[in-house]
Amino acid sequence: MIILRKPNKNEVGVYKKLEVEFYSHHKPYKTLLQDVDPRARDLKKEFLKLISERNSFFRFIKVNDEVAGYIYGILKKVDENEKGWKKIGDLNSIVVLKKFRKQGIAEHMAKEFFRWLKSKNVKYVESSSNLKNELSARFHKRIGFQEQHIKFGRLI
């Protein structure tokens, strides 16, 4: 049985476990803005902020009574553009524990996020990924994203 639900404030330990897994998976993709090791972050403060944000979609996914991952996306206000949009979605993170991968869990979470965005009358969603993360690029394309542009960065 798969259940997507809002986390409660006493589940910070679950969040920590997921963040460590996420970090270890992304360690090979060294970039200028490398993710910060979760052990060096205040994960409790981070978690409490995530569960209290008003315009966000932060959910744990449970598979057979075990949290298998999470999704985090937000609703962003933007300057009105030629399409008339005043807000867009931003799919920030999808984390699935290794033992639960290749089961359609990430796709399930993304579809629920898209459904939530539609309920907020949002017509467009963005997401980003490290250029070196080919699995992420294939996943994004599989769920309907199209490459839009490349973002460059440089330390000065």
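The values are calculated or read from the model by the stated rules, or taken from the named source; none is laboratory data. Owing to the predicted nature of the structure, the values given are computational and were not obtained by experimental measurement. Here Cβ is always computed from backbone atoms with ideal geometry, including for glycine, and neighbour counts include all displayed protein chains.
So here's what we get for this one:
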read-out	value
Condition check for Ala110: among the aliphatic types (A, V, I, L, M) and touching a Leu at 6+ places or on another chain (Cβ under 8 Å)	yes
Neighbours by Cβ (under 7 Å, 6+ apart or cross-chain): first from region 114-132, touching a residue at least 40 places away in the same chain (Cβ under 8 Å); second aromatic (Phe, Trp, Tyr) and not in a helix (DSSP H, G or I)	Trp116/Phe57; Lys123/Trp85; Tyr124/Trp85; Asn130/Tyr29; Lys132/Tyr29
Members of region 118-127 found to be within 14 Å of the chain's Cα centre (by Cα) and surrounded by 15 or more Cβ atoms within 10 Å (Cβ to Cβ), listed by number	Val125, Ser127
Boolean, Lys99 is surrounded by fewer than 17 Cβ atoms within 10 Å (Cβ to Cβ) and either at pLDDT below 90 or closer than 23 Å to Lys62 by Cβ (or both)	yes
In region 50-96, residue surrounded by the most Cβ atoms within 10 Å (Cβ to Cβ) [restricted to those that are basic (Lys, Arg) and modelled with pLDDT of 95 or more]	Arg59
Residue pairs meeting the criteria (Cβ under 9 Å; at least 6 apart or on separate chains; first touching a residue at least 24 places away in the same chain (Cβ under 8 Å) and under 15 Å from Leu117 (Cα atoms), in region 69-81; second assigned to a loop (DSSP other than H, G, I, E, B) and not hydroxyl-bearing (Ser, Thr, Tyr))	Leu75/Arg54; Leu75/Asn55; Leu75/Lys120; Leu75/Val122
Unmet criterion (only one of (1) touching a strand residue (DSSP E or B) at 6+ places or on another chain (Cβ under 9 Å); (2) on the phi > 0 side of the Ramachandran plot) for Lys77	(2)
